[in-house]
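Quick notes on the structure that follows.
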């Protein structure tokens, strides 16, 4: 399946905010012609959020109206999922058209990775323990597919190797606190609607 993907390099990206995007790592292949994503990087530059070069010069966004049934789209999704699992060890799966879901170990990790991946100029959002990265039928192997996988590889590497236990605990506390706040807001909203309904019934019966 991999060999049918279009493999050409992206155009050089312009500088963003005075910083040029990071240099592209050379492609590494297995004997069967598939990309050896897990052997492509031995080190990473600093994260964009702390002053390093972003991975891309322009934001890579998810498409609108993606046809999830097209052969080209399914090939792209398959390769991105394969690469993500090889470089991060995280489970990934197709989500709504235009998006791939990555299951993180915690909501704190999901929030942090989502923020960092966006800083690398790859669109990403999170919900619960999942983050979502883009996929489109016109993504190419050496272009956008590599961009998505690189951003995930870079950020998960820093989460595992450089984010301290104390920071992870703080992020977990903040995530739990936000969950409690969201639950409280939901309860208050439900109570407000219930009182409003009771008031309308009282007026109708009067």
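Here, each number is a calculation from the coordinates, and none is a lab measurement. Quick caveat, the model's predicted, so the values are computed rather than measured. Backbone-built Cβ (ideal geometry, glycine too); neighbour counts: all protein chains shown.
Here are the numbers:
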quantity	calculated
Test for residue 131: is it under 13 Å from the mean Cα position of the chain (by Cα), within 27 Å of residue 45 (Cα to Cα) and in a strand (DSSP E or B)	yes
Of all residues in region 65-88 being more than 16 Å from residue 144 (Cβ to Cβ) and free of Cβ contacts under 8 Å to residues at least 12 places away in the same chain, the one that is surrounded by the fewest Cβ atoms within 10 Å (Cβ to Cβ)	69
Exclusive hit being touching a helix residue (DSSP H, G or I) at 6+ places or on another chain (Cβ under 8 Å) and either surrounded by fewer than 17 Cβ atoms within 10 Å (Cβ to Cβ) or over 30 Å from residue 24 (Cβ atoms) (or both), set 153, 172	172
Failed item in (1) within 30 Å of residue 29 (Cβ to Cβ); (2) in a helix (DSSP H, G or I), with residue 178 passing the rest	(1)
Residue satisfying all of: in region 115-131; crowded, with 22+ Cβ neighbours inside 10 Å, free of Cβ contacts under 8 Å to residues at least 60 places away in the same chain and in contact with a strand residue (DSSP E or B) (Cβ under 6 Å, 6 or more places away or on another chain); nearest to residue 170 (Cα to Cα) among these	131
Failed item, numbered, when residue 163 is tested on (1) more than 13 Å from residue 55 (Cβ to Cβ); (2) buried (at least 18 other Cβ atoms within 10 Å of the Cβ); (3) without any contact (Cβ under 8 Å) to a residue 60 or more places away in the chain	(2)
Unique match (being touching a strand residue (DSSP E or B) at 6+ places or on another chain (Cβ under 8 Å) and more than 23 Å from residue 132 (Cα to Cα)) among 28, 77	28
